[in-house]
Amino acid sequence: MFRKSKSGLGSVCLALLLSACQAATDVNMNGTPNADSSTPISPLAATESVKRANAAVLKSLDFSDRRDFERAERGFIATFEDTKIMGDAGNPVYDFGAYEFLKSDAPDTVNPSLWRQSQLASKHGLFKVMDGIYQVRGFDLSNITFIEGDSGWIVVDPLISAKTAERAKQLVDRELGEKPISAVIFTHSHADHFGGVRGLVSQEDVERGVQIIAPDNFVFETVSENVLAGNAMTRRASYMFGGLLPRGPEHQVGVGLGQAISTGSVGLLRPTLSVTETGETHSIDGIEMEFIMALEAEAPSEFMFYMPKFKAFCQAEIINHTFHNMYTPRGAKVRDGRRWSQYIDEAVALYADKTDVSFGSHHWPVWGEDEVTEFWEGQRDLYRYVHDQTVRLANSGYTLHEIPDLLEMPDGISKQFANRDYYGTVSHNSKSQYQFYFGYFDGNPANLNPLPPTSESVKFIEYMGGAEAVLEKAKTDFDKGEFRFVATALNKLVFAEPNNVAAKTLLAETYTQLAYMAESGSWRNFYLTGAQELRNGILDLPRIQTGGPDIVSAIPLNLYFDLLAVRLNGPKAAKKDRDINFVLTDTGESAHLIISNGTLHHRMGTTLDGAPTIKLTRAALDQLNLKTKTFAELAKEGSASIEGNPLAVRAFFGLMDEPPFWFNIVTP
């Protein structure tokens with residue numbers, strides 16, 4: 001199924017660099033992949049156990065509290081009747097009408113709390129936050145905000161892709177009158193908050209005076225957060241955001257933070273103003289803004305800001321109507337809940353008593369000093385509680401696999417809908433805080449060096465008396481609703497016997513029932529995507545390339561060499577020590593690359609006499625990475641050349657792997 005590209009200079013590409021971003025790497029966000037290229041999951045009814053669990057949720061939370069619905073609908077102006085946002089090739093990049101089914105009551109196949117969240121997040125159109133501040137919500141995973149400045153619109157977080165941002169601006173123009181864009185603010189370094197900028201302004205606009213404002217170190221963090229591990233993170237993101245799933249009550253209903261991710265082109269413009277310190281104040285097109293830095297929490301580079309003129313606070317993605325991810329299931333570095341909580345408390349102390357409205361990069365605003373304070377303090381306490389109590393229990397000897405079931409969340413936190421597990425969960429976030437301090441190892445010697453999954457699974461099935469015995473016990477527990485252990489046992493059986501159809505079928509049914517109970521949209525999508533791949537296998541689909549020219553050109557040369565290092569096939573290179581020089585002829589950058597004992601090192605700013613040397617322009621390097629031109633084509637036009645033995649250069653890049661994207665997850 002997997003087709004490996006031929007090795008060569010042009011094949012070592014920085015594809016999908018935006019896997020670094022919290023939400024820019026889904027495979028398809030508007031139905032099944034490539035329209036009709038997959039077989040949808042066969043809908044399964046919810047078991048009685050699932051029905052009872054979901055009924056218990058209805059009793060445990062106050063669903064009569066309609067304040068969020070009033071907030072989400074407040075200030076609605078208009079939307080488009082045509083719900084599909086189309087790309088240049090005539091393909092839909094987003095369809096905000098795909099969630100019309102959410103207008104009904106929650107079915108048995110969806111956790112009613114998640115259903116409620118998806119109903120709220122699916123509301124789409126132009127909304128008036130207050131005089132001078134407007135938002136377009138529901139046109140992408142994130143919000144786009146328009147603030148009226150002296151000469152035009154100040155845009156905050158221009159969505160993921162150019163076409164969704166452009167469509168949002170068209171709605172604003174239609175309803176509020178056409179105005180130019182005077183500035184763009186990127187609140188943080190995830191692509192759902194900058195990727196659509198090219199749909200609104202160009203580099204020429206920036207050169208004519210349009211400001212681009214971003215937090216400190218924005219560009220580096222944008223391109224570097226997960227570049228080295230981006231292939232695996234992107235594959236896992238196809239699970240997390242439900243891009244391989246149809247939309248519907250038995251399928252994808254949203255992801256908690258928003259509904260889905262657009263699939264258009266992602267761009268980037270470099271900031272003209274970087275904010276570096278809390279308390280820093282700038283006048284942006286006549287609007288005074290006071291900034292709070294929030295680095296290394298939800299994103300490596302992030303800020304919030306307050307506008308005294310409006311008594312309005314932009315909470316970015318630090319404060320949300322969900323428990324966010326302190327660890328994202330697609331994979332990324334763990335985030336510090338203590339630090340996250342401290343940023344929110346700083347906002348409470350500085351601005352809660354002077355804020356009439358708080359709006360963010362996702363979800364709907366909150367109005368009124370008392371309700372803003374309640375909202376912020378609840379979020380502050382949530383992150384601090386999970387952090388502190390995880391560490392407390394760890395210090396008492398409990399491990400990352402025990403602590404989630406021991407955490408007792410206070411009603412004052414857990415009963416607030418804004419603190420529910422729609423995106424992050426208490427379970428995986430508490431594990432992340434354990435990992436933050438202690439790593440993956442729980443101290444038990446049995447876990448120092450266990451067998452790899454397949455070998456362990458074979459022994460597990462042998463100890464349990466064989467496949468038939470496991471299946472019989474699993475069916476009994478499935479009927480009891482003991483899905484968590486059924487999933488564990490059947491996963492072992494599938495890894496031991498990957499062709500066991502009965503095991504895969506029952507495991508798929510188990511994942512489906514777990515999905516129906518999940519309050520987290522991310523968990524639901526993981527379960528349902530796993531079930532779909534167990535039933536249908538992995539489809540060899542085209543892989544969307546979201547790492548466009550803006551992103552690739554922003555990659556520092558040293559980071560490019562780090563990516564080459566993790567692509568080097570160590571065993572293959574172990575006895576092929578060699579040296580090669582890299583020189584960018586237009587920027588003056590150079591590097592000496594060394595392969596030694598299967599490792600690749602780079603020394604920036606120097607070259608080795610006598611070593612083969614690749615000379616090319618930065619633009620030529622970017623074209624190679626984007627696969628828009630071959631090295632031969634670049635050499636012919638004079639923007640690339642090799643000094644020394646070209647066979648040595650070919651042999652060097654022949655040691656690089658280009659990893660397959662559609663690797664197995666739920667099967668060995």
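The values are calculated or read from the model by the stated rules, or taken from the named source; none is laboratory data. What you see is a predicted model, and the numbers here were worked out from it, not measured in a lab. All Cβ positions, even for glycine, are placed from backbone atoms using ideal geometry, and neighbour counts span all protein chains on display.
Being surrounded by fewer than 16 Cβ atoms within 10 Å (Cβ to Cβ), small (Gly, Ala, Ser) and farther than 21 Å from Ala619 by Cα is the filter here; which residues of segment 587-602 pass it?
Selection gives Ser596 alone.
Is there a residue in segment 335-344 that is in contact with a Gly (Cβ under 7 Å, 6 or more places away or on another chain), of a type in the set (Asp, Glu) and closer than 29 Å to Ala232 by Cβ? First the steps, then the outcome.
First, pick out the residues of segment 335-344 that are in contact with a Gly (Cβ under 7 Å, 6 or more places away or on another chain): none.
So far as segment 335-344 goes, no, none of its residues is in contact with a Gly (Cβ under 7 Å, 6 or more places away or on another chain), of a type in the set (Asp, Glu) and closer than 29 Å to Ala232 by Cβ.
Show the residue pairs that are 6+ apart or on different chains and have beta-carbon atoms under 6 Å apart, the first residue being within segment 385-413 and of a type in the set (Gly, Ala, Ser), the second being at pLDDT 95 or above.
Listed pairs, sorted by first residue: Ala394/Tyr434.
What's the number of the only condition in (1) assigned to a helix (DSSP H, G or I); (2) under 28 Å from the mean Cα position of the chain (by Cα); (3) of a type in the set (A, V, I, L, M) that Leu400 fails to meet?
Result: Leu400 passes all but (1).
Please go through segment 82-96 and give me each residue that is at pLDDT 95 or above and not hydrophobic (A, V, I, L, M, F, W, C), ordered by number.
Asp82, Thr83, Lys84, Tyr94, Asp95, listed by residue number.
List pairs: first residue in segment 202-213 and in the same structural domain as Asp285 (by TED's automatic domain parsing) and hydrophobic (A, V, I, L, M, F, W, C), second residue surrounded by fewer than 19 Cβ atoms within 10 Å (Cβ to Cβ) and part of a loop (DSSP other than H, G, I, E, B) anywhere in the structure, Cβ distance under 6 angstrom, at least six positions apart or on different chains.
Once the first residue is in the same structural domain as Asp285 (by TED's automatic domain parsing) and hydrophobic (A, V, I, L, M, F, W, C) and sits in segment 202-213, its partners that are surrounded by fewer than 19 Cβ atoms within 10 Å (Cβ to Cβ) and part of a loop (DSSP other than H, G, I, E, B) give Ile212/Thr272.
Would a scan of segment 630-641 turn up a residue that is assigned to a loop (DSSP other than H, G, I, E, B), more than 30 Å from Gly267 (Cα to Cα) and out of contact with any Cys (no Cβ under 6 Å at 6 or more places or on another chain)?
no
Kindly list, by first and then second residue, each pair from a residue in segment 345-363 that is assigned by TED's automatic domain parsing to the domain that holds Asp140 and assigned to a loop (DSSP other than H, G, I, E, B) to a residue that is surrounded by fewer than 20 Cβ atoms within 10 Å (Cβ to Cβ) and of a type outside the set (A, V, I, L, M, F, W, C), limited to pairs with Cβ atoms under 8 Å and residues at least 6 apart or on different chains.
Sorted first by the residue in segment 345-363, then by its partner, the pairs are Thr355/Lys311; Thr355/Glu369; Asp356/Lys311; Asp356/Gly368; Asp356/Glu369.
Among the residues of segment 460-478, which ones are charged (D, E, K, R) and within 35 Å of the chain's Cα centre (by Cα)?
Hit for segment 460-478 is Asp477, nothing else.
Could you tell me which residue of segment 192-214 is nearest to Ser182 (Cα to Cα), considering only residues that are surrounded by 21 or more Cβ atoms within 10 Å (Cβ to Cβ) and hydrophobic (A, V, I, L, M, F, W, C)?
For segment 192-214, the residue satisfying everything is Val210.
Please enumerate the residues belonging to segment 215-231 that are out of contact with any helix residue (DSSP H, G or I) (no Cβ under 9 Å at 6 or more places or on another chain) and crowded, with 24+ Cβ neighbours inside 10 Å.
Selection gives Phe218 alone.
For segment 337-358, how many residues meet the condition of being within 23 Å of the chain's Cα centre (by Cα) and crowded, with 23+ Cβ neighbours inside 10 Å?
4
Which number in (1) modelled with pLDDT under 50; (2) of a type in the set (D, E, K, R); (3) surrounded by 14 or more Cβ atoms within 10 Å (Cβ to Cβ) marks the one condition that Asp36 misses?
With respect to (1) modelled with pLDDT under 50; (2) of a type in the set (D, E, K, R); (3) surrounded by 14 or more Cβ atoms within 10 Å (Cβ to Cβ), Asp36 is out only on (3).
Can you tell me which of (1) surrounded by 24 or more Cβ atoms within 10 Å (Cβ to Cβ); (2) farther than 22 Å from Val223 by Cα; (3) under 21 Å from the mean Cα position of the chain (by Cα) is the one Asn320 doesn't meet?
Tallying (1) surrounded by 24 or more Cβ atoms within 10 Å (Cβ to Cβ); (2) farther than 22 Å from Val223 by Cα; (3) under 21 Å from the mean Cα position of the chain (by Cα), Asn320 fails exactly one: (1).
So in segment 414-439, with the set limited to residues that are under 24 Å from the mean Cα position of the chain (by Cα) and without any contact (Cβ under 8 Å) to a residue 40 or more places away in the chain, which one is farthest from Thr390 (Cα to Cα)?
Among those that are under 24 Å from the mean Cα position of the chain (by Cα) and without any contact (Cβ under 8 Å) to a residue 40 or more places away in the chain, it is Gly439.
Kindly provide the set of residues from segment 571-598 that are in contact with a helix residue (DSSP H, G or I) (Cβ under 7 Å, 6 or more places away or on another chain) and of a type in the set (Val, Ile, Thr), ordered by number.
Ile580, Thr587, Ile595
Please determine, by comparing only the residues of segment 480-498 that are closer than 10 Å to Thr510 by Cα and in contact (Cβ under 8 Å) with a residue 12 or more places away in the chain, which one is surrounded by the most Cβ atoms within 10 Å (Cβ to Cβ).
Per the stated criteria, the residue is Leu490.
Do we have Ala469 as of a type in the set (A, V, I, L, M), farther than 30 Å from Gly256 by Cα and free of Cβ contacts under 8 Å to residues at least 24 places away in the same chain here?
The answer is yes for Ala469.
Among the numbered conditions (1) in contact with an Asp or Glu (Cβ under 8 Å, 6 or more places away or on another chain); (2) farther than 12 Å from Arg116 by Cβ; (3) not in a strand (DSSP E or B), tell me where Ala56 comes up short.
Of (1) in contact with an Asp or Glu (Cβ under 8 Å, 6 or more places away or on another chain); (2) farther than 12 Å from Arg116 by Cβ; (3) not in a strand (DSSP E or B), only one is false for Ala56: (1).
Kindly evaluate Arg235 against the criterion of being under 30 Å from Tyr516 (Cβ atoms) and not aliphatic (A, V, I, L, M).
yes
Name the residue that is farthest from Thr667 (Cα to Cα), counting only residues in segment 448-459 that are over 30 Å from the mean Cα position of the chain (by Cα) and among the polar types (S, T, N, Q).
Going residue by residue through segment 448-459, those that are over 30 Å from the mean Cα position of the chain (by Cα) are 448-451, 455-459.
Checking which are among the polar types (S, T, N, Q) leaves us with 449, 455, 457.
On the way: Asn449: 22, Ser455: 13, Ser457: 12 Å.
Ranking the candidates gives Asn449 first.
Quick one: in segment 269-313, which of the residues that are loosely packed, with under 15 Cβ neighbours inside 10 Å and hydroxyl-bearing (Ser, Thr, Tyr) is nearest to Val129 (Cα to Cα)?
Ser283
Kindly indicate the residue of segment 95-144 that is part of a loop (DSSP other than H, G, I, E, B), aliphatic (A, V, I, L, M) and within 30 Å of Lys59 (Cβ to Cβ) and also farthest from the chain's Cα centre (by Cα) among those meeting that condition.
Only one residue tops the list, namely Ala106.
Exactly one of (1) at pLDDT 95 or above; (2) not in a helix (DSSP H, G or I) is unmet by Asn226. Its number?
(1)
Only one of (1) in a helix (DSSP H, G or I); (2) of a type in the set (Gly, Ala, Ser); (3) surrounded by fewer than 19 Cβ atoms within 10 Å (Cβ to Cβ) is not met by Ser457, so which one is it?
Single failed check for Ser457: (3).
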